[in-house]
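Report on the following structure.
The values are calculated or read from the model by the stated rules, or taken from the named source; none is laboratory data. A quick note: this is a predicted structure, and the numbers were derived from the prediction, not measured. Here the Cβ positions follow ideal geometry from the backbone for every residue, glycine too, while neighbour counts run over all protein chains shown. Side chains are part of the model used for accessible areas, which takes the heavy atoms of the whole protein and leaves out ligands, DNA and RNA. Shrake-Rupley method; radii C 1.70, N 1.55, O 1.52, S 1.80 Å.
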Amino acid sequence: MKMLEIQEPPLGRVGAQVRLTTQATVLDEASRQQILALIYRHKLVVLRNMNLTAHEYVTFARNFGEPQIYFQPNYHHPEHPEIFVSSNQLYQGKKFGVAGTGRYWHTDYQFFPQPLPLTMVYPQVFAPSARETSYIDMQMVYERLTPALRARVAGSRAIHDAKLRYKVQTGDVDKSIGELLEEVAALIKPATHPAVIEHPFSGQSSLYVSPGFTVGLEGLDDETNRQVLSELFEFITQPEHVHSHRWQSGDILFWDNRTLLHKASDSKKGEPSVSYRIGVYDGAAFYRGLPAWRKDDDGKLTQSNG
């Protein structure tokens, strides 16, 4: 029995739609490979009419690789650390995850030496005024770069830093700004990656910078960096480059961080919002030339040499 009903996007657009003909959380190999192929080809897959518990959601994510456990525990679901929780609601009377995450253009874990290949998001409670997630296809953006900007990024390495995105926690009360900045700088160190990366499967080139995390290009002075990044970000975020998905109940969005920037929409103050994110290491290199993460004999993620 066929497990998937697939609707591919128009030529040049991102976002295939997939409906499962069964609510099985463990897919057969053919279906698993089909969904991964759709993600690598169309960057984004919308899984429709999903109805999963938190435990089933983690099980479903394992079809595609190893779920990430985010490096800051305050984002973890209390029963399933693989789930990164964005929430402004309480859970069993206690603070639950972190509110207002990802409301800027970025790609997940860009500020780590090993970025996160795949991300899936499963909203639980919709804020009435914020039912969209937006994307920018960075392969398309790279193809459209002006000759001057293309020359700027050719052969360059971009510097990515997340310290200004740090969310203040309860334990940070009574710390001075200086103390907090020092601690955050020690926790979240900048990483560098090529400004243009090659996809490990297609070999296509993507621009790999973002307004959310990219703070400069190596070898440029501050003034030149400000000018170059301003021009890049203005070009990247032009409205014609933006694809927005309006959420429906039961949607899971699943995308490739190698090729897409994303941004959550803002909600009005006080509106309830809960969303579950799972990052997935798919066993492949994030880009050609960077070793992949794989499981070692003890079941832990480790960087391979191949």
Open item on the list: Need one number: nm distance between label points at Thr53 and Ser265, each 7 Å from Cα along Cα→Cβ, rounded to one decimal.
Closed with: 3.2
- [ ] Would you grab the residues whose amide H sits under 5 Å from the one on Ala130? Only those 5+ places off in sequence or on another chain, please, with H modelled 1.01 Å from N.
- [x] none
Task: GNM top mover of Ser202, Ser156, Ser134 - the chain, alpha-carbon springs below 10 Å - done: Ser202
Task: Cα-based convex hull volume of segment 1-66 per residue, rounded to whole Å³ - done: 86
Task: Cα centroid of segment 1-40 to Cα centroid of segment 172-227, whole Å - done: 33
Task: Accessible surface ranking that places the most exposed of Lys189, Lys43, Lys163 first, with a 1.4 angstrom probe - done: Lys189, Lys163, Lys43
- [ ] Quick one: go through segment 111-128 and flag any residue whose amide nitrogen is under 17 Å from the point 7 Å out along the Cα-to-Cβ line of Arg13.
- [x] none
Open item on the list: Need one number: the % of Cα-Cα pairs in segment 56-147 sitting beyond the 16 Å mark.
Closed with: 65
Task: Overall form of segment 211-295 per C-alpha gyration tensor (a/c, 1.5; a/b vs b/c) - done: oblate
TODO: For segment 152-171 and segment 61-99, write down the distance between their C-alpha centroids in whole Å.
DONE: 22
TODO: Take the chain, compute every pairwise Cα distance, and split them into 20 Å bins from 0; I just need the percent in each bin.
DONE: 32, 60, 8, 0
Task: Exposure rank, largest accessible area first [Tyr142, Tyr57; 1.4 Å] - done: Tyr142, Tyr57
Task: Probe 1.4 Å, accessible area per residue of segment 136-203, Å² - done: 56
Task: Across Lys2/Lys263; Lys189/Lys269; Lys95/Lys263; Lys94/Lys269; Lys94/Lys189, pairs whose alpha-carbon gap is larger than 27 Å - done: Lys2/Lys263; Lys189/Lys269; Lys94/Lys189
Open item on the list: Rounded, prolate or oblate, given the Cα gyration tensor of segment 1-132, with a/c below 1.5 counting as rounded?
Closed with: prolate
Task: Pairwise label distance in nanometres, Arg226 with Ala99, each label 7 Å out on the Cα-Cβ vector - done: 3.4
TODO: Report, to the nearest whole %, how much of the accessible area of the chain belongs to carbon and sulfur atoms, 1.4 Å probe, protein only.
DONE: 50
